[in-house]
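Take a look at the structure set out below.
Nothing in this text is a laboratory measurement; each read-out follows from the coordinates by a stated rule. Note that the coordinates shown come from a computational prediction; the quantities given were computed from them, not determined experimentally. In this analysis, Cβ positions are derived from the backbone assuming ideal geometry, glycine residues included, and neighbour counts consider all displayed protein chains.
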Amino acid sequence: MTHTPSYRLPRIASVRLNSFDLYRVDPDPSVVIDRPVLCLVGANGLGKSTFLNTLNYGITGAIPDPLRDYKSPEEYLEDSSRGDRIDQYFTGRISELRRPLANVVVELAWDDVSITVTRDIFERRGVSRLEIRRGADVEVLDREQSEDLKERYESEVLAASQVPSFDRFVFLYHFVFTFDEGRHLISWDDRAITDALYLAFGGKGDATKSAKLTRDMERASSRARNTRFMAKAVTDRIKSLQGLLDDDQTAAEGDERELMAERDALEKDQATSEARLDAIDRDRQSADLRWAEISSRISDRQARYRQVFASRASRAGGVAFHPAVRATIDEDECAICHTTSVGHVVSAHLAAGECPLCGSVVGEADAADEVLATLKELDAELIDLRGQLEQVLAERTRLETSRSAVADAVSAANQALEAFFEKTGDGLEMERLKGRDWATGEIKKQIEERGRLLRQAQAHRENRDAIRQELRTLERGLQAGFDEAARIFVPRFRELAQQFIGLPIDVELEQRTGVEVAGFRLKLTMDDQLRSSAQRLSESQRFFIDIALRMAIAEIMTIGSSTLLIDTPEGSLDIAYEAKAGQMFDAFVASGNYIIMTANLRSSALLVNLAELRTSAGMQLVRMTDWTSLTQVQEEEEERLDEAYDDIEKALG
């Protein structure tokens with residue numbers, strides 16, 4: 001039998017970011033991707049990783065979590081698409097005044113359909129516009145026409161890609177098709193690699209069945225353990241009661257533990273709410289300080305403006321820059337009588353060389369005049385400072401709204417804790433057992449309860465074992481699918497990895513054993529030596545072997561081309577391996593695939609090598625300095641950065 005790829009994943013045709021003033025030169029950057037390799041290249045801190053994460057957000061509605069602990073596609077999507085997670089990531093990357101305007105637009109292209117999705121960044125608005133093209137037919141939907149744009153987008157994507165569910169579509173993009181700044185290695189993550197292998201080599205629906213059965217098995221195991229623990233607590237209770245018969249002492253340890261656990265949970269909730277309130281208060285204090293500082297600077301500039309104006313050398317220039325005249329033009333409201341929409345009238349008088357107040361001829365301003373130049377400079381500073389002040393005021397308003405909600409949560413937590421203490425009081429002492437006769441009857445009841453719990457625990461274990469057998473059947477199917485595809489998959493992985501590593505490398509599928517575990521791990525050997533953990537490889541070997549594995553999995557599971565998003569881990573590379581990494585990327589693209597990557601100019605050997613192999617016909621270069629400005633330290637090295645850019649451009653030909 002021949003392995004048949006399962007999924008038709010899209011080509012990313014274009015990306016546009018709107019109102020991302022992280023990019024100071026061009027806050028609305030856009031890229032049309034028309035070549036197999038797109039590389040965003042620049043220095044540290046210019047927003048390369050932000051671009052990849054925002055692209056992933058546009059496609060999936062979720063932000064990859066660099067600290068992600070993967071358990072299942074469902075749990076991961078729920079966690080990574082939380083509104084507060086999205087807000088937390090983008091706050092600071094987008095200014096206060098641009099928050100309502102910020103969005104990302106991504107065009108995804110299949111052979112028979114293209115989908116352009118617009119996803120808002122803040123306020124948890126999600127998908128705000130869809131454009132679906134099938135040949136000459138174009139369907140455009142926005143929020144005013146449809147409330148279920150998110151559901152429509154997800155259903156269209158699943159229909160086109162043939163992935164079984166959207167949480168698995170997100171899993172593929174975040175864990176298989178993206179190697180990002182989190183450096184999450186699926187090669188050594190048994191849960192993630194198991195789900196990836198089921199999607200690549202399992203039968204139809206096996207990935208979903210396996211995930212459900214694994215959750216059910218773990219739940220049954222957990223219930224068995226918890227029930228046995230409860231039985232042990234009953235045993236301890238029996239011993240305490242038996243002690244009462246001997247020395248008339250009692251204990252209610254189980255009740256005490258339960259009450260203490262409830263108290264701890266309430267105190268934790270209280271501490272969490274208070275910590276959030278404290279963080280918001282610190283942000284408010286910072287905003288207040290910035291407001292005071294900017295207000296002071298505005299007052300200082302205004303005083304300086306009046307001082308310079310008083311010493312004006314040009315009557316015409318003085319009229320044009322009189323505070324009342326400037327305020328009328330800037331605010332489009334008369335500074336004397338407050339009539340609105342009169343700025344153009346004042347500007348017309350000035351253009352005609354007339355005083356806008358009395359109509360007297362005052363002549364034209366001398367552009368070279370030093371006083372006028374100073375006034376213009378102060379005017380520009382005041383405009384900038386007023387803009388900064390507006391941003392701070394918007395931030396303060398948002399923080400006030402957030403603080404009100406969090407303060408309510410703190411109040412609720414405090415009330416819950418007070419109610420707990422009022423309810424319990426000295427209850428732990430009052431509930432001490434009373435009387436030997438009562439204790440004898442209670443012991444009998446507790447023995448019966450322990451027997452019931454032990455029978456429940458046994459039932460949970462039997463359920464766990466039955467589910468484990470169902471999983472074994474699925475695992476045998478996956479093993480067969482892997483063995484069938486191994487003739488293609490393993491040699492391709494070897495080819496890609498050896499392009500970088502330069503040593504013989506092999507991979508085998510190893511089934512995890514044990515009554516409470518399921519799934520697989522990959523058994524990696526390099527130069528005939530088993531590498532059972534990531535720590536047995538150098539950092540660069542770990543990273544680029546993991547990228548090679550993703551490439552091989554992407555190819556084996558997709559019909560047609562596949563696209564990888566790679567935040568190049570150049571910091572782990574030495575000079576000897578930079579060119580090798582470029583060769584590995586080229587080998588993947590040469591098979592009809594695509595790469596959207598970021599790279600630092602310090603790894604120019606990788607980029608030069610890849611550019612020579614791809615040439616300008618096969619590789620796009622985006623200079624991050626076209627989008628944003630360098631830091632002061634980077635500006636000192638700007639000449640060297642330009643030289644590195646030029647070397648790459650020359651290699652492209």
*What residues qualify as long-range amide H neighbours of TYR7, i.e. H under 5 Å apart, gap of 5 or more or another chain, H built at 1.01 Å from N?*
THR558, ILE559
*Is it possible to state the helix-based mean residue ellipticity at 222 nm for the chain, with each DSSP H run of 4+ residues giving -39500 (n - 2.57), the sum divided by total residues, to the nearest 500 deg cm²/dmol? What is it?*
-20000 deg cm²/dmol
*Residues with beta-carbon under 12 Å from that of ALA271, excluding ALA271: net charge, scoring Lys, Arg +1 and Asp, Glu -1?*
-3
*Amide H to amide H, which residues 5 or more places from VAL342 or on other chains are under 5 Å from it, using H placed in the peptide plane?*
GLU333, CYS334
_³J(HN,Hα), Karplus 6.51/-1.76/1.60, whole Hz, each residue of the stretch 544-553, x for Gly, Pro_ = 7, 5, 5, 5, 4, 4, 4, 4, 5, 5
*Find the Cα radius of gyration of the chain, compare it with 2.2 N^0.38 Å by division, and give the number to two decimals.*
1.29
*Calculate the spin-label point distance for ASP465 paired with SER538, positioning each point 7 Å from the Cα along the beta-carbon direction, and give it in nanometres.*
5.0 nm
_Distance between the C-alpha centers of the stretch 134-180 and the stretch 9-35? Whole Å please._
19 Å
*If R0 is 25 Å, what FRET efficiency do you get for LYS239 and ASP216 from their C-beta distance, rounded to 0.05?*
0.10
*Peptides 608-618, 219-229, 266-276, 191-201 ordered by average Cβ neighbours within 10 Å, highest first*: 191-201, 608-618, 219-229, 266-276
*Provide the FRET efficiency to the nearest 0.05 for the TRP291-THR401 pair, computing r from the beta carbons and using R0 = 25 Å.*
0.90
*Kindly list the residues of the stretch 473-501 that lie in the label zone of GLN511, defined by a backbone N under 14 Å from the point 7 Å along the Cα-to-C-beta vector.*
473-483
*asked:* Can you give me the distance in nm between label points at ASP148 and CYS358, each placed 7 Å from the Cα along the Cα-to-Cβ direction?
replied: 7.3 nm
*For the stretch 400-414, Karplus couplings with θ = phi - 60° (6.51, -1.76, 1.60), whole Hz, Gly/Pro x*: 4, 4, 4, 5, 4, 5, 5, 4, 4, 5, 4, 4, 5, 5, 5
*Just rank LEU172, LEU607, fewest to most, by other beta-carbon atoms within 10 angstrom.*
LEU172, LEU607
*Quote the FRET efficiency, to the nearest 0.05, computed for SER165 versus ALA617 with a Förster distance R0 of 45 Å and r equal to the Cβ-Cβ distance.*
0.75
*Along the charge dipole of the stretch 94-224, which of TYR198, LEU108, PHE122 sits closest to the positive end, that is, farthest toward it, with unit charges on the beta carbon of Lys, Arg, Asp and Glu (+1, +1, -1, -1)?*
TYR198
*So which of LYS212/LYS523; LYS209/LYS523; LYS71/LYS232; LYS71/LYS209; LYS239/LYS444; LYS239/LYS268 end up more than 21 Å apart, counting from Cα to Cα?*
LYS212/LYS523; LYS209/LYS523; LYS71/LYS232; LYS239/LYS268
*About its Cα centre, what dipole magnitude does the stretch 138-216 give when the only charges are +1 on Lys and Arg Cβ and -1 on Asp and Glu Cβ, stated in debye to the nearest 20?*
440 debye
*Going highest first, how would you order 353-359, 521-527, 132-138, 207-213 by mean Cβ packing within 10 Å?*
207-213, 521-527, 353-359, 132-138
_Modelled label reach - GLN458, point 7 Å along Cα→Cβ, the stretch 209-237 residues with backbone N closer than 19 Å_ = 220-235
*asked:* Distance between the C-alpha centers of the stretch 266-284 and the stretch 190-204? Whole Å please.
replied: 41 Å
*Provide GLU495, GLU390 in ascending order of the number of other Cβ atoms located within 10 Å of each residue's Cβ, fewest first.*
GLU390, GLU495
*Once you treat every alpha carbon in the stretch 319-361 as an equal point and sum by Debye, what is log10 I(q)/I(0) at q = 0.19 Å⁻¹?*
-0.46
*How would you rank THR558, THR54, THR374, going from fewest to most other Cβ atoms within 10 Å of each one's own Cβ?*
THR374, THR558, THR54
*Okay, which of the stretch 217-241 sit inside 20 Å, backbone N to the point 7 Å along the Cα-Cβ direction of GLU449?*
223-241
*Tally Lys/Arg at +1 and Asp/Glu at -1 over every other residue whose Cβ is under 15 Å from the Cβ of ARG11; what's the total?*
-2
*Which one of PHE544, VAL325, GLN634 is farthest out on the positive end of the charge dipole of the chain, using unit charges on Cβ (Lys, Arg +1; Asp, Glu -1) and the Cα centre as origin?*
PHE544
